[in-house]
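Since the structure comes first, as structure tokens, the remarks are kept for the end.
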Amino acid sequence: MRTVLVALAAITAIAIIPDVAQADAYEIKEGKLERPTGYREWVYVGTPVTPNDMNDGKAAFPEHHNVYIDPKSWKHWKKTGEFREGTILIKELVSVGSKAAVSGNGYFQGEFIGLEATIKSKKHFPDEPGNWGYYSFSTPDHKKLTPTATAFPTESCNSCHAAAAADDFVFTQYYPVLRGGKATGKDAVGGTSDSLTAGK
Ligand code: HEC
């Protein structure tokens, strides 16, 4: 009996593992995206900065934007140079905490103030250009996050990405880590050559 149970447990474990490996890093239920968690453990690709003080006191997406990609899609990107069905990119907004440090004058990160996401999914966005959907969890006062979000209409977000982003609606021109890893088939480890070309 005991052997049977152990064998059954082993078979169940084997049956479950492929499901976990296949899972996307987000969940959309009845049209609403659950706020993703764990993204600070993903792959960090860059930090564009649109400080309020250079944008009439109110940048559209305030201040620093730390951008992450889910690990499974990063792997696929390195292999193929494409964003896979199920890619999610997160942009976590961070205030300018100070403008001077012992290193000099600049923009230094302060507190977390918002969270945006974009997902490529033919299943969920069959009619969106590039199959990308865009979400925001930031409250208007940037003090809290909402637990779920609904996708924006195409003209609110997608059309701007369509007009100006370098690679499949994603602003890879501002993410040297993505450029460095694109379709190389290798880990984008950094520091392995004397070249300072993106990520080499
Ligand atoms: C005025 C043009 C513009 C509009 C409108 C816009 N974006 Fe973006 N978005 C950008 C630019 C430029 C970047 C990269 C640089 C940056 O973060 O400032 C970016 C980056 C992003 C990223 C990081 C991944 C990527 O695609 O590069 C996410 C997520 C994102 N935007 C979400 C949104 C959401 C959600 C909306 C709609 C509420 C939206 N964007 C509307 C210009 C825009």
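Throughout, read-outs are computed from the coordinates displayed, never taken from laboratory work. Please read these numbers as outputs of a predicted model, since none were measured by experiment.
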Helix 71-80 axis, angle to the chain major axis (alpha carbon atoms, nearest 10°): 90 degrees
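Can you tell me, using C-alpha contacts under 8 Å and at least 6 residues apart, the relative contact order of the chain as a whole percent?
On the way: 345 pairs, mean separation 34.5, N = 200.
RCO, the chain: 17 percent.
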Percent of Cα pairs exceeding the 30 Å cut-off, where the set is the chain: 30 percent
The chain: angle of helix 2-22 to the longest principal axis, Cα-based, in degrees nearest 10: 30 degrees
